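Structure first, commentary second.
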Amino acid sequence: MSSTSEREGATSHSGLSIVLPTFNEGGSIRQVIESLLRLETEHPIEILVVDDDSRDGTPDLVRSLARQDPRIRMIQRVGRSGLASAIKEGLIAALNPTAVVMDSDGQHEPGSVVEAVQFLNREGLDLVAGSRFLDQSEIRGLSDRRTDGSTLANRLARWSLPRSYGHLSDCMSGFIVLRLNRCLPLVRQVDVNGFKFLYELLAISEGSLQVGEIPLNFQPRLHGSSKLDLAILWDFMVSLIHTATLRLLPRRAISFGLVGASGVMVQLLSTALLMSLFNLAFQQALPVAVITAASSNYLVNNALTFRDRRQSGRQLIQGLLKFLLVASLPALANVGLATSFYTLIQANALWAQLAGIVVVYVWNYAASSRFVWNSP
């Protein structure tokens, strides 16, 4: 690894690329860009706006600013979306050796850019993150509930990351400064379906990066509302399991398995209700419960696991029929094995169903990924 003095010498006259991912940020992007252009820094600046084909006028607004100032560049993405992939694309397109990633909604103060770059060079680090949770930090842009949730999420994230990152207080920060000659090979490997870009980068680096933090004064957003939703929380859970299992299983396989676990509960509950409320025999209740669980799995997978290929309207119904068709063979195996277990081995509805369910998972994941959602 290069010495601190060598790194400082290599970057003392380098430029700075600031990556701003946007999606419907028309109410804040002008103010953010203008504040960044006013920064007093010895580094020449380029501002890279990576937009996910916003419909609120953001692309046109940025283009008008870019015509007035050549330091502004615009990447408008059509047919691809997502915060992590926007960050990755912006960093790969950056012209300068040092890059900054920050939010476009005004919650990150432009002045933190100068502080973070100076800290990066002074300490000879590979990456600096802005933390919301250092003693000197101030949070004015998060509710108490969101702050508590972020604190818990960071604890879980630190547990799953290499020990060399145990000193970090905010390993899911959206404000980062990177030395690209060290980080770009890892950036290229980041799974853009992950929960947070910084977390995914730290996970795949296996502790090889020298990382520090600066305190952030986290501001209320200038415009719009938070994009945190159930899908993001789901991604976080999948990311934790993915990292904890040494990234051996595909992320979608983990997500599919978690959905399958919920389907197990649906099947067990449906069987119990049908047997108790309608006095059906186990052999009569089981086929209905299996179809109910399969339908539940399809709807949840469509909303979460394959949401980048999410189906709706007529496609949703067609997809359900395809999914049930794909699941029919293993479903028959499920019913047959469970019935045989119940009849020949032990008249226990729980263990009989679990024996059948084990047979189904691999087939359903591989076949439905390709046939239903056309995903590799």
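All of the numbers you see were taken from the coordinates with simple rules; none came from a lab. Note that the structure is predicted; figures quoted are calculated from it, not measured.
Summary of values
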read-out: Relative contact order (%) - criterion: Cα under 8 Å, at least six apart; region: region 62-176; value: 27 percent
read-out: Amide H within-cut-off set for Ile45, under 5 Å, with H built and near neighbours excluded; value: Leu16
